[in-house]
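See below for the structure under consideration.
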Ligand SMILES: *Cc1c(COP(=O)(O)O)cnc(C)c1O
């Protein structure tokens, strides 16, 4: 069986985790800050806060930017539901911006058009969450310019994109955003089992993210309301959560992070093989923008169904029946029953709908062999057990 994505755990990764298990701190020990410092340095950003999932990171990122009831948060419908759920957790309203036909990322043209309308109606967003779909950066420079003109903040959902770069700099440096989020779920580029991280250059945002991860508690005298009663003293100054990452997870994350370049290079190698092998096949290959170096979390084909003389479902089943667990990223979020009852209209997202009608994610992870890649390419057009007669 070939899944669409999976982790790659080395003996060194295992050894690091075992060391923590044998040590004094399973959580709130030295490994979390060590992992945070490594990722912050590698991402060329001032601060990183590790948490128990990217979903938690998105939630406290929204809170740290002041998202609350009455606010609007906009994101791409071509994402996992967490990209928009985070705003709902804060009592805000969500809206979606159609995607770009070539990159499947948020469309800057559609965003600008929607901002002009929203300005007239007094419904401008407080925060926009561009998603680095499949590991490729959206047009962050243009989105950043729009954020200054229309007064919104930016959270980059880079759950797919640790190890990617944009305009020659690592994704996560927050040059064009207030906060960037990474995910360490096992299908992502590096893993901690479950886990995520929020990165920022802003001291105040950092202090808030740090408190919200752990109940809204601070031990920093400068952030306290009262004078400390003694050396035991801490203060809860807002309502936070237990979103902490354990040291067991951080040890795995730190070890995996040492292998980031290896992972991303291997993903590029696989992507290059796919680009070569699918060259004359009836598919549209994922367009790579010149200013972006993708981490290739996903490899998405758009099927030319007319030429394939099959439906999307038939092709999906052909792969799955031969043990190749293709997937579809993503079901448009506004189509989820929980969201559609908020009144979203399918007609408002023509590019997303067109994409959804022919997209297919084929396997992409460092452990894939060349034989497996050839098998995957073959299965696009040839059912298993099919024999050519001559
Ligand atoms: C995986 C993912 C998330 C959520 O990540 P978790 O770590 O599982 O919470 C959020 N956004 C996107 C785009 C994702 O792919």
To the nearest 10 degrees, how steep is helix 260-277 against the longest Cα principal axis of the chain, on a 0 to 90 scale? 20
Take each of the peptides 223-235, 2-14, 179-191, average the number of other beta-carbon atoms within 10 Å over its residues, and list them starting from the highest. 179-191, 2-14, 223-235
Suppose the chain between residue 120 and residue 382 were pulled fully straight at 0.36 nm per residue; how much longer would it get relative to their current alpha carbon spacing? 89.0 nm
Taking the square root of 5λ for each eigenvalue of the C-alpha gyration tensor of the range 50-90, the equivalent ellipsoid has semi-axes, largest first and in whole angstrom, of 15, 14, 7
Separation in nanometres of the label points that stand 7 Å from Cα toward Cβ, at residue 113 and residue 269: 4.3
Sorted by mean Cβ packing within 10 Å, highest first, what order do the peptides 240-247, 45-52 take? 45-52, 240-247
Which peptide among 89-96, 366-373 comes first, and what is the full order, when sorted by highest mean count of other Cβ atoms within 10 Å? 89-96, 366-373
Hey, rough spin-label estimate for residue 220 and residue 11, points 7 angstrom out along Cα→Cβ, what's it come to in nanometres? 4.3
How high is the FRET efficiency from residue 150 to residue 353, r the C-beta distance, R0 25 Å, rounded to 0.05? 0.45
For the range 260-379, just list the percent of Cα-Cα distances falling in each 10 Å bin from zero outward, please. 12, 39, 33, 15, 2
Acute angle (nearest 10 degrees) that the helix 11-22 long axis makes with the longest principal axis of the chain, alpha-carbon atoms: 30
Heads up, the chain by the C-alpha gyration tensor (a ≥ b ≥ c square roots of eigenvalues; a/c under 1.5 rounded, else a/b over b/c prolate, else oblate) looks oblate
Taking Cα atoms, the helix 31-43 axis meets the longest principal axis of the chain at an angle in degrees (rounded to 10) of 60
Using Cα-only point scatterers and the Debye equation, what is log10 of I(q)/I(0) for the range 11-120 at each q in 0.17, 0.18, 0.24 Å⁻¹, rounded to two decimals? -0.97, -1.02, -1.26
Given the DSSP H assignment, sum -39500 (n - 2.57) over each helix run of at least 4 residues in the chain and divide by its residue total; what's the result at 222 nm in deg cm²/dmol, nearest 500? -11000 deg cm²/dmol
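Read-outs: derived from the displayed coordinates by stated rules, not from any lab. The structure presented is a predicted model; accordingly, all values stated were derived computationally and were not measured. Cβ sites come from the backbone with ideal geometry, for glycine too, and all protein chains shown count toward neighbours.
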